[in-house]
Amino acid sequence: MNFDEYARYDATGLADLVRRGEVHPSELLEAAIKRADDTRKLNAIVMRLDEQARRQARAIFSPDAPFAGVPFLVKDLFQDMAGLPSSMGNRVMSKVVVQEDSDVVRRWKHAGLVIFGKTNTPEFGAKNVTEPLAFGPARNPWNPQRTPGGSSGGSAAAVAAGIVPMAGANDGGGSIRIPAAACGLFGLKVGRGRISIGPLMAEGLNGAAQQGIVSRTVRDTAAMLDVLQGPEPHAPYYMPAPSVPYAQVIHQAPKRLRIGFTTQSPLGNPVDPQAVAAVEDAAKLLTDMGHIVTPVDTPFDGVQLAEDFLKAWFCSQAYFVDAICKATGASLADFEPDTRLMAAVGRSISGVELMACEARWNDHIKRLAMFHSQHDLWLSPTLNGPAVPIGSMQTPKALEMAGDVVARLGLAGPLSQSASFKQTILQNLGWTPYTQLANLTGRPAMSVPLYWTPDGMPLGVQFVAGLNGEATLLQLASHLEQARPWAHRRLPTAT
């Protein structure tokens with residue numbers, strides 16, 4: 001099977017070919033491996049498992065497995081495979097073997113997927129770009145000088161380049177939706193409790209982080225959600241299964257939806273005209289489809305939400321660094337400067353401050369619930385503009401050096417209150433100020449690839465639903481996909 005034949009199908013289509021005996025899983029795997037070899041400069045994959053996958057592809061697959069024989073990649077962060085390291089974008093962890101599969105990995109194996117690699121991610125998933133010092137930057141297939149986003153940037157680059165039709169991803173502050181928007185893919189972040197993140201942890205980032213995939217088609221994401229959703233005995237809670245499987249829900253027309261849209265940044269920074277155009281274009285398309293679409297004010301306090309998100313995020317970085325040092329004997333020098341700085345700030349936050357921060361998460365939930373009492377969905381840009389150039393989100397050297405000094409002197413708290421630190425943080429969040437809302441509130445959200453800029457870069461738009469709103473999102477996405485298909489789009493030149 002050559003690349004043109006392979007890339008013509010999504011994961012559901014490839015599985016159908018295998019099920020009918022028209023192609024063998026080994027043929028699909030070799031096509032994926034060749035494409036991965038041909039696109040190495042994208043640096044999407046940081047661990048290759050070709051021989052292990054070849055053995056699996058030769059095995060007998062259950063005819064009931066929904067994705068039997070389909071090549072797949074997992075994200076190298078919280079998607080553990082027993083017997084292999086999970087680097088999390090970190091040099092030390094790239095040498096530490098884990099003993100147990102993550103729940104999602106176990107379900108992917110049972111679904112028949114052939115896993116042949118792990119994808120690039122920033123250190124501990126802590127950035128909205130994928131440029132770890134341990135492995136180097138992942139690159140956007142639409143323009144290799146630009147980022148594919150983060151933290152699931154390697155997965156998004158691999159799918160956009162045609163290596164696999166879908167790949168593992170997760171989302172603690174936008175890490176599925178950001179790279180989906182930057183790479184022209186569909187990305188759904190499910191609501192809290194829909195998919196287990198265990199068994200190594202009960203919750204990711206205090207419940208803000210969720211597992212999932214990035215894909216080319218809505219039907220692949222819907223069918224995968226049927227595979228991944230549901231209770232685990234060690235999970236702290238779960239959402240009840242839908243009355244109709246998601247793979248069937250997408251064939252039902254959505255009701256006439258009330259959609260409020262925003263084009264302004266929640267942080268008050270300027271918005272790229274292309275991001276505005278993407279939302280206005282989506283609003284017109286939705287109106288033409290019969291939905292009630294109206295402009296609204298941003299339904300949350302963006303600056304306060306950013307502060308409440310970052311406090312919890314910095315504390316989580318401190319936990320990761322300290323736990324790894326204790327378990328492995330690593331030193332602070334084994335972590336990136338930005339990680340050291342974030343961890344130092346996290347250690348300066350008191351337990352009382354963190355509890356107060358998390359109490360405000362409930363305020364954001366109530367405010368969004370009030371919005372959803374009047375509107376079914378909130379529509380916004382996913383990104384504040386097209387994918388940014390590689391390296392543009394690097395911390396200034398002066399602040400990086402100052403961070404190490406103040407961390408050693410125990411002055412990270414005062415540094416975090418300085419104007420330069422806050423300006424740098426808000427500048428980095430300024431590209432992605434829309435996505436954290438769904439994480440803090442635990443609500444489902446998606447990025448849909450409806451728009452391409454005049455110079456050929458994809459730029460997705462985001463929809464945020466209310467509690468248990470995955471079915472509504474998938475129904476709408478399916479109808480948008482029919483109205484303006486995107487899966488057929490191919491890179492303008494060989495990548």
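The values are calculated or read from the model by the stated rules, or taken from the named source; none is laboratory data. Since we're looking at a predicted model, the values are computed, not measured. Counting neighbours? That spans all protein chains shown, and the Cβs are built from the backbone with ideal geometry, glycine included. All accessible areas refer to the heavy atoms of the entire protein, side chains included, with ligands and DNA or RNA removed. Shrake-Rupley method; radii C 1.70, N 1.55, O 1.52, S 1.80 Å.
Within the range 129-155, being closer than 26 Å to PRO454 by Cα and open to solvent by 20 Å² or more (accessible area, probe 1.4 Å) holds for PRO137, ARG139, TRP142, ASN143, PRO144, GLN145, ARG146.
State whether the residues of the range 449-469 include one that is touching a strand residue (DSSP E or B) at 6+ places or on another chain (Cβ under 7 Å) and within 21 Å of GLU203 (Cβ to Cβ). There is at least one residue in the range 449-469 that is touching a strand residue (DSSP E or B) at 6+ places or on another chain (Cβ under 7 Å) and within 21 Å of GLU203 (Cβ to Cβ). One residue stands out among those in the range 232-262 that are in contact with a Pro (Cβ under 7 Å, 6 or more places away or on another chain) and either in a helix (DSSP H, G or I) or touching a residue at least 40 places away in the same chain (Cβ under 8 Å) (or both): the one that is least open to solvent (accessible area, probe 1.4 Å), which is VAL249. Selection of the range 348-370 for residues being open to solvent by less than 60 Å² (accessible area, probe 1.4 Å), under 30 Å from GLY260 (Cα atoms) and touching a Pro at 6+ places or on another chain (Cβ under 9 Å) yields only LEU368. The condition of being in contact with a Lys or Arg (Cβ under 9 Å, 6 or more places away or on another chain) and more than 28 Å from GLU5 (Cα to Cα) holds for only one of GLY150, GLY136, that being GLY150. Here VAL105 does not fit the description of being of a type in the set (A, V, I, L, M), part of a strand (DSSP E or B) and within 25 Å of the chain's Cα centre (by Cα).
Among the residues of the range 109-132, are any among the basic types (Lys, Arg), in a loop (DSSP other than H, G, I, E, B), over 30 Å from PRO66 (Cα atoms) and within 13 Å of the chain's Cα centre (by Cα)? Give the derivation first.
So in the range 109-132, the residues among the basic types (Lys, Arg) come out as 109, 118, 127.
Still in the running and in a loop (DSSP other than H, G, I, E, B): 127.
Filter once more, so that each one left must be over 30 Å from PRO66 (Cα atoms): 127.
From what's left, within 13 Å of the chain's Cα centre (by Cα): 127.
The answer is yes, given that some residue of the range 109-132 is among the basic types (Lys, Arg), in a loop (DSSP other than H, G, I, E, B), over 30 Å from PRO66 (Cα atoms) and within 13 Å of the chain's Cα centre (by Cα).
Taking the conditions exactly as written (open to solvent by 10 Å² or more (accessible area, probe 1.4 Å) and closer than 26 Å to LEU476 by Cα), does PHE309 satisfy them or not? No; evaluated as a whole, the condition is false for this residue.
Scanning the range 371-399 for residues that are without any contact (Cβ under 8 Å) to a residue 24 or more places away in the chain and either of a type in the set (A, V, I, L, M, F, W, C) or open to solvent by less than 30 Å² (accessible area, probe 1.4 Å) (or both) returns a single hit, ALA398.
Only one entry in ALA253, ALA278 is within 30 Å of MET224 (Cα to Cα) and at pLDDT 95 or above, namely ALA278. Does LEU474 satisfy the criteria of being buried (at least 22 other Cβ atoms within 10 Å of the Cβ) and more than 21 Å from ALA11 (Cβ to Cβ)? No, not satisfied.
Suppose the filter is among the hydroxyl-bearing types (Ser, Thr, Tyr), touching a Gly at 6+ places or on another chain (Cβ under 8 Å) and not in a helix (DSSP H, G or I); does THR294 pass it? Full working, then the answer.
On the way: among the hydroxyl-bearing types (Ser, Thr, Tyr): yes; touching a Gly at 6+ places or on another chain (Cβ under 8 Å): yes; not in a helix (DSSP H, G or I): yes.
The answer is yes for THR294.
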